[in-house]
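FYI, it's all coordinate maths here, none of it is from the lab. Quantities reported herein were computed from a predicted structural model and do not represent experimental measurements. Backbone-built Cβ (ideal geometry, glycine too); neighbour counts: all protein chains shown.
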Amino acid sequence: MRRITEHPILTFKQGKGIKFTFDGKPIEGQEGDTIASALQAAGVRVFRESINLHRPRGFFCAIGRCANCSMVVDGVPNTKVCVTRLREGMTVETQHGRGRLDNRL
Amino acid sequence: MINTEILVIGGGPAGLCAAAEAAEHGAKVLLLDDKDVLGGQLVKQTHMFFGSHLQYAGTRGIDIATLLIENAKKTGVELMPGHTVTGIYEDGVVTALNGGKFIKIKPEKIIVATGAYENMLAFPNSDLPGVYGAGAVQTLMNVNGVAPGNRVLMVGAGNIGLIVAYQLLQAGIDVAAVIEVTDKIGGYYVHANKIRRMGVPILTRHTVKQVWGKKSVEGATVVQVDDKFRPIAGSERNYAVDTVCLAVGLTPLTELLWNAGCEMKYIPALGGHVAWHDENLRTSRENIYVCGDASGIEEASSAMIEGKVAGLNAARTLTRKTNLTQKAYDERLKDLRAQLGQLRRGPFGEKARMGNSVLAGLPPAIDEPIESLPKDYRTFPKGARVVIECEQNIPCNPCEAICPHNAIKVGKDIVNYPQLDPEKCTACALCLTRCPGLSLFVVNKDYSPTETEISLPFEMIPLPRKGDAVDALDRQGNFVCKARVTRVLTGKKFDRTSIVSIAVEHKYADTARHFRVNGTPRLEQKIVAPANIPEDMDAIICVCEDVTRREIEKVIARDRAQSVDEIKRLLRCGMGPCQGKTCQRLIMQILAGKLGRNIAEFLPQTYRGPMKPAPMGILAKAYDEEKN
């Protein structure tokens, strides 16, 4: 996918780059991104695998209502990435199933 | 425990207006919103709003959000974004989560302005990434500046579907088609016209049969339906799209109202279950008010006024006497009710009029006949004049308000069709840039002996340049003739809408209403759906717990499940992190269909706090802190 650079009504400022990893791969997002928008801009659409049928899932509502975008972020499963701001150095992973509780919690 | 006089839940148009209104009358107001940016859905709207200047008509949604936030701040509202309310309890305590913090609030009055959530549509592979809600598409492209895809199929021709299709085109993303299952376009025709003249087909009586793709959407099959909404075999049509955008209606977000024990009623015209409320927007719990989409789906302009009504009444009923006098209250309420009445005039106000009458247990509200002259698209025989192609009786009057020559008259009843006085019109074209429907044009028949010049509002990129050769298009986006760009006007006064003028032969004066820069018409490439999709493929209804339509149908037939709660206990659908927001409406539809009953007879699942998934550790920590 791509970032929208030109728009007749809106102005999108080129934000500061924010580095993070997705399943171990380094990706760069931008200031102002949610994790979901940074992934989408990088062409990643599959965020998790569904719990029983193991089907690919991505975001649906993008406003934190549907939880379809739950991922493991810095070890915390079930993080709704559509409403989580991207921060430098985040570890973002595909969530398989319901997710496991991390010892740190 | 935070104490406040009035707590507003939700910082969209209704909540911001409710908070500001109450604060203006002297109340101490706190506003919570679960997002870190206030403004609700307004922050995604690039188009100008309908209505009158009292509801910021002629201003773009994004700019209205800024105005409302500023106003709330000015009136002294304490704004707390990033706080998700998780429950309203019997003792009147409201709980909220802010990251890892759990807080409690004890307000005297609560105004619920939580808005709505999008309806889901289930079809084979509807859970594939690339099937997005219209709100998600808007957030991604208009807030984050990321394209949701390269080519989109839009499902639903209500205002949201039409507006988002237009916004996709503005962002340079192709829209293959807009499909609509009913036999008519439900949104404003002027919104439909904007995309039709750009060549996007709108297919009524069509629905999605299936989508396909390995890991995400690669294509979609649409199918025509008969008058009972059954698919017509052989009418399938495939589209090569990577995104399917669902704009199939909204449901009021009422979980907190259920949780608070408000009396709820199922009113289809208002979008589903809503809290019973009186004319002052007070619910059956006397300290709880409701406004905006949470009280029934309507336009943002009505949401703002409803917010003000709720804010005014909440301030009025506080135990502490504020600076609001009886006289000021009476006058303000009368004015707000008149505004709301005005916005609910005409064909588009019918649902709100009907829904609110049913809710109040009254006979249907009578809409006084609209007394405007009929619409008139005829162009003036000579010289340059505006032609108004306003299609429907929408409450809207920015064209009248902006005209410096008083050449356009809508009148006090703003659902009237605007009328042009050709004697006064100077063809200054200012009105072209202020019509939210982009339905005004200037036609100059004296441009040259052989040519008519047509000036039209233009909100796309790239902007053509004077002298460019273009193809003139008609109102359906069909090629009319070759044309030449004669003028391109932009300016601060125009607020990001440009005016592009093209010259065409006189005989096309009434048909040419748009243009395309590069001469290639849109061609739908013929593709075939992969053969491995079984004809009777199941669809996933509950995406959290992976429950399919057939599984639900089975427990209805085999286990005699008769309610949403029973199906939930048997299959876990609705128990996942979305708490039934995706599947509940679909389950109610399946139940109604299978049992041959009316959907109004089914209750949603029982709501219990916390409304949003909350880590136990946070709740335990808050409990410990309170004890010490």
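Taking one quarter of the surface of the convex hull spanned by the alpha-carbon atoms of chain B gives a direction-averaged projected area of 30.2 nm². Just to confirm the number: angle between the C-alpha axis of helix B:326-343 and the first principal axis of chain B, 0 to 90 degrees, nearest 10? Around 50 degrees separate the two axes. Could you compute the net charge surrounding B:P464? Neighbours are other residues with a C-beta less than 12 Å from the C-beta of B:P464; K and R count +1, D and E count -1. Cβ neighbours under 12 Å give a net charge of +3.
Could you pull out the longest piece of chain A with no exposed loop trypsin sites (Lys or Arg not before Pro) in it, calling a site exposed if DSSP puts it outside H, G, I, E, B and it has at most 12 other Cβ atoms within 10 Å? Of all site-free stretches, the longest is A:17-99. Each residue in A:D33, B:D538, B:D468 was given a count of other beta-carbon atoms within 10 angstrom of its own, and listing them fewest first yields B:D538, B:D468, A:D33. Distance from the alpha carbon centroid of segment B:208-244 to that of segment A:1-54 works out to 28 angstrom.
Counting only other chains, and only Cβ atoms inside 10 Å, what mean value do you get across the residues of B:130-140? Could the numbers behind the result be given before it?
Numbers: counts 4, 3, 8, 8, 1, 5, 13, 1, 2, 9, 10.
Average per residue, whole number: 6.
Comparing B:A600, A:G17, B:N125 along the charge dipole axis of the protein assembly as shown, the residue lying farthest to the positive side is A:G17, per the Cβ-charge model. For chain A, the 222 nm mean residue ellipticity estimated from helices alone, with every DSSP H stretch of n ≥ 4 adding -39500 (n - 2.57) and the total spread over all residues, rounds to -1500 deg cm²/dmol.
Counted by neighbouring Cβ atoms within 10 Å, the residues B:Y417, B:Y89, B:Y117, B:Y623 run from fewest to most as B:Y623, B:Y89, B:Y417, B:Y117.
In terms of other Cβ atoms within 10 Å, B:M80, B:M154, A:M71 run from fewest to most in the order B:M80, A:M71, B:M154. Taking every alpha-carbon pair under 8 Å whose residues sit at least 6 apart, chain B reaches a relative contact order of 14 percent. When the P(r) is computed for segment B:321-465, the part past 26 Å accounts for 43% of the Cα-Cα pairs.
Protection proxy ranking of B:97-110, B:43-56, by the mean of other Cβ atoms within 10 Å over each peptide's residues and highest first, is B:43-56, B:97-110. Listed by chain and number, the aspartates and glutamates whose C-alpha is less than 19 Å from the C-alpha of B:K526, apart from same-chain residues fewer than 8 away, are B:D174, B:E218, B:E236, B:D242.
Under a model in which nothing but the beta-carbon of Lys, Arg (+1) and Asp, Glu (-1) is charged, segment B:387-481 shows a dipole of about 240 debye around its Cα centre. Dividing the summed helix terms, -39500 (n - 2.57) for each DSSP H run of n ≥ 4, by the number of residues in chain B produces a 222 nm estimate of -7000 deg cm²/dmol to the nearest 500.
Considering only A:A67, A:G89, A:P77, the residue lying farthest towards the positive end of the dipole of segment A:63-104 is A:A67, judged by Cα position with unit charges set on Cβ.
For peptide B:606-618, how many partner chain Cβ atoms fall within 10 Å of a residue's Cβ, on average?
Working: counts 0, 0, 0, 0, 0, 0, 4, 4, 0, 4, 2, 2, 1.
Counting other chains' Cβ atoms within 10 Å and averaging over B:606-618 gives 1.
Lys-Lys pairs in segment B:384-516 that are eight or more residues apart or on separate chains and whose Cα atoms lie under 15 Å of each other come to 4. Ratio of Rg to Rh for segment B:523-588: 1.16 [Cα atoms; Kirkwood radius as inverse mean 1/r over pairs].
Between the helical axis of B:159-170 and the longest alpha-carbon principal axis of chain B there is an angle of about 60 degrees. Scaling against 2.2 N^0.38 Å puts the C-alpha radius of gyration of the protein assembly as shown at 0.96. Near B:A157, the amide H atoms lying under 5 Å from its own belong to B:V181, B:G186; only residues 5 or more places off or on other chains count, and H is placed 1.01 Å from N. Measuring how big segment B:538-628 is from its alpha-carbon positions, Rg and Dmax come out at 16.2, 56 Å. Averaged over the residues of peptide B:36-49, the number of Cβ atoms from other protein chains lying within 10 Å of each residue's Cβ is 1. Counting charges near B:I173 (Lys, Arg +1; Asp, Glu -1) among other residues having Cβ under 11 Å from its Cβ returns a value of 0. Cα axis of helix B:350-360 to longest principal axis of chain B: angle in degrees, 0 to 90, nearest 10? Helix B:350-360 and the main axis of chain B meet at about 20 degrees. Along its first, second and third principal axes, ordered by size, segment A:40-81 spans 27, 21, 20 Å in Cα coordinates.
Pairs from the table (B:K308/B:K627; A:K13/B:K612; B:K351/B:K612; B:K106/B:K321) lying more than 29 angstrom apart at Cα are B:K308/B:K627; A:K13/B:K612; B:K351/B:K612. Assuming a ≥ b ≥ c are the square roots of the Cα gyration tensor eigenvalues, decide whether segment A:17-95 counts as rounded (a/c under 1.5), prolate (otherwise, with a/b larger than b/c) or oblate. Cα axes put segment A:17-95 in the prolate bin.
Using just the C-alpha positions of segment B:32-109 as equal point scatterers, what log10 of I(q)/I(0) does the Debye formula give at each q in 0.25 1/Å? The computed values of log10 I(q)/I(0) come out as -1.10. Give the shape of segment B:120-248 as rounded, prolate or oblate, defined through the alpha-carbon gyration tensor: a ≥ b ≥ c are the square roots of its eigenvalues, a/c under 1.5 means rounded, and otherwise the shape is prolate if a/b is larger than b/c and oblate if not. Taking the square roots of the gyration eigenvalues as a ≥ b ≥ c, segment B:120-248 is oblate. Take the alpha carbon gyration tensor of segment B:384-516, find the square roots of its eigenvalues, order them as a ≥ b ≥ c, and report rounded if a/c is under 1.5; if not, report prolate when a/b exceeds b/c, else oblate. Since a/c reaches 1.5 and a/b is larger than b/c, the shape of segment B:384-516 is classed as prolate.
State, to one decimal in nm², a quarter of the convex hull surface area for the C-alpha atoms of segment B:280-407, i.e. the direction-averaged projected area.
Averaging across all directions leaves 11.0 nm² for the Cα convex hull.
Residue ranges B:574-580, B:183-189 sort as B:574-580, B:183-189 when ordered by packing (mean number of other C-beta atoms within 10 Å per residue, highest first). The charge dipole of the protein assembly as shown, taken about the Cα centre with unit charges on the Cβ atoms of Lys, Arg (+1) and Asp, Glu (-1), comes to about 820 debye, rounded to the nearest 20. Using only side-chain charges placed at the Cβ, +1 for Lys and Arg and -1 for Asp and Glu, the dipole size of segment A:17-95 relative to its Cα centre rounds to 300 debye. Just add up the charged neighbours of A:V83: K/R +1, D/E -1, any other residue whose Cβ is under 11 Å from the Cβ of A:V83. Counting the neighbours of A:V83, the net charge comes to +3.
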